[in-house]
Amino acid sequence: MSGKLTFTMIKPDAVANGHTGKIIDHIIQKGFKIVAMKYTKLSEEKAGEFYAIHRDRPFFKDLVDFMTSGTIVAAILEKDNAVADFRDVIGATDPQKAAPGTIRNLYAKSIDANAMHGSDSDENALIEAGFFFNAFERF
Ligand code: IDP
Ligand code: MG
């Protein structure tokens with residue numbers, strides 16, 4: 001049985017380029033309920049921890065530099081089958097490969113500045129949400 005929650009971030013490129021409002025509307029139109037949301041900025045330490053699974057990848061330093069370069073919007077979203085359905089809404093990691101109409105197709109320019117994060121499992125959704133929100137804020 002898949003879970004009802006996923007975690008997302010509107011990344012610094014999309015916030016800086018003025019896409020925040022359109023992206024939030026897109027998410028709501030796709031049937032997700034916004035359970036929690038905030039503007040924030042990642043520290044280098046927090047970004048490194050968030051992306052720890054990619055620590056040995058060649059792009060890790062660029063990823064941390066990019067994710068700490070500006071304001072992000074962090075949010076918890078609710079819907080049946082939230083994790084998989086939201087991955088469909090954002091599209092492939094590389095915007096060149098993202099299907100037409102997906103958020104990365106519409107708003108991202110490159111694989112490193114790709115507009116939006118989406119959790120890859122129910123377990124990670126809860127872990128990632130916990131980086132930004134406590135249980136009280138969530139409901
Ligand atoms: P995802 O965001 O689609 O789940 P992951 O493989 O989890 O993709 O990678 C996390 C993030 O790391 C990506 O969203 C992207 O910003 C960055 N990234 C992934 N692969 C590359 C790459 O080959 N070059 C540069 N950045 C990458
Ligand atoms: Mg991922």
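Only the coordinates and a few stated rules stand behind these numbers; no lab work does. Worth saying up front: this structure is predicted, and the values here are computed from it rather than measured. We place every Cβ from the backbone using ideal geometry, glycine too, and count neighbours over all the protein chains shown.
Miscellaneous remarks
- For the criterion of being of a type in the set (Phe, Trp, Tyr), within 14 Å of ligand 2 (Cβ to nearest atom) and under 14 Å from the mean Cα position of the chain (by Cα), Tyr51 passes.
- Within segment 3-19, if we keep just the residues that are without any contact (Cβ under 8 Å) to a residue 60 or more places away in the chain and of a type in the set (Gly, Ala, Ser), the residue that is nearest to Ala113 (Cα to Cα) turns out to be Ala16.
- Whichever residue in segment 39-98 is without any contact (Cβ under 8 Å) to a residue 60 or more places away in the chain and aromatic (Phe, Trp, Tyr) and, among such residues, is surrounded by the most Cβ atoms within 10 Å (Cβ to Cβ): Phe66
- Close pairs from segment 107-130: first within 12 Å of Phe50 (Cα to Cα), partner among the β-branched types (Val, Ile, Thr) and part of a helix (DSSP H, G or I), Cβ under 7 Å, at least 6 apart: Ser119/Val83; Ala125/Val83
- Val73 within 21 Å of Asp112 (Cα to Cα), hydrophobic (A, V, I, L, M, F, W, C) and part of a helix (DSSP H, G or I): no
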